[in-house]
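The values are calculated or read from the model by the stated rules, or taken from the named source; none is laboratory data. These figures come from a predicted structure and were not determined experimentally. Here the Cβ positions follow ideal geometry from the backbone for every residue, glycine too, while neighbour counts run over all protein chains shown. Note: accessible area is taken over every heavy atom of the protein model, side chains too, but ligands, DNA and RNA are not part of it. Shrake-Rupley method; radii C 1.70, N 1.55, O 1.52, S 1.80 Å.
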Amino acid sequence: MSQQKGRNFINLKNAMLVFTVFALWFSVYFGERVEAILSYTLILSFGILHGANDIHLIWSTYNTKNTQVSRNKVITIYILAVFSILALFSLSPFTALIFFILVSGYHFGEQHWEKSFSVKTIWNKGIYLVYGLFILFMLFYLKHEQVIPIIDELTGNRLTMDFLEGTMLTLGVLLLLSLGIQFLMGRVTSNPWEELFLLGVFFVIFKTASLLWGFCIYFVVWHSIPSLMDQMDYLYGRSTWETFRNYLKTSWPYWLVSLVGLIGLYWLLGENNEYFISVLIYFLAAITFPHVIVMSRLEKD
């Protein structure tokens with residue numbers, strides 16, 4: 001079984017590389033309008049879908065451990081968590097945005113590196129955070145002309161290009177040092193040259209594509225799809241087209257509710273937001289925090 005999962009992972013990674021190269025070609029020959037349509041389609045499908053089954057995952061986890069928890073209780077707690085984040089954005093948008101970026105960075109790093117460490121230590125969690133933040137600030141810096149106005153609109157605070165550049169470089173140095181030590185100690189199973197190559201690919205994608213398309217490629221291809229496979233492995237013991245159909249059966253009601261919620265949020269805030277990306281950030285922030293807790297629990301199990 002472990003050999004089969006290893007082959008599945010290798011095949012998945014090769015497919016993601018091929019799709020990423022295609023996305024790079026796509027960003028060169030097609031305009032931002034086409035990129036935006038495809039980005040929204042992928043984010044609203046695979047992007048939201050990978051977090052739409054959180055309620056079922058929580059319920060399955062607790063009931064697997066012989067702790068009976070009602071589905072209604074799980075749904076209630078989840079909804080309260082989502083509205084708590086939305087309330088935080090209303091009360092203190094800047095604090096909420098910082099919190100969202102930190103949590104998202106940790107989640108991206110955990111998804112990418114959790115299976116690569118042969119020894120579990122507290123330092124791994126720091127690497128998760130630094131790696132994810134480096135990816136995000138690389139995107140922020142390379143697309144600062146779009147990012148700075150969005151953050152200004154969301155929070156009323158205007159960042160500078162120097163701040164974004166300095167933060168990205170600092171995170172890059174920390175990442176190289178921390179991962180370098182782990183590689184020298186033999187605690188990392190992945191190929192360091194392959195990881196550097198991937199960072200170079202992300203740099204080119206973020207530099208070439210629009211802000212939305214660059215984020216979409218990383219979020220959907222390199223985060224959401226691997227996360228979907230992890231969840232199927234956890235729920236069904238393997239990730240195949242059959243288990244994907246089973247996953248859809250349990251997740252589509254929550255996915256539909258999420259879509260309706262996003263449409264409602266856009267309807268409420270659309271007149272006050274110049275960018276639809278701003279509305280999307282509110283929505284993603286609201287569902288990210290409970291999703292990170294769920295996935296961290298699954299990785300631990």
Placing +1 on each Lys and Arg Cβ and -1 on each Asp and Glu Cβ in the stretch 99-168, then taking the dipole about the Cα centre, the residue among 138, 113, 164 whose Cα reaches farthest towards the positive end is 113
With all protein chains in place and a 1.4 Å probe, residue 233 shows an accessible area in Å² (nearest 10) of 40
With every protein chain in place, the accessible area of residue 234 for a 1.4 Å probe, in Å² rounded to the nearest 10, comes to 80
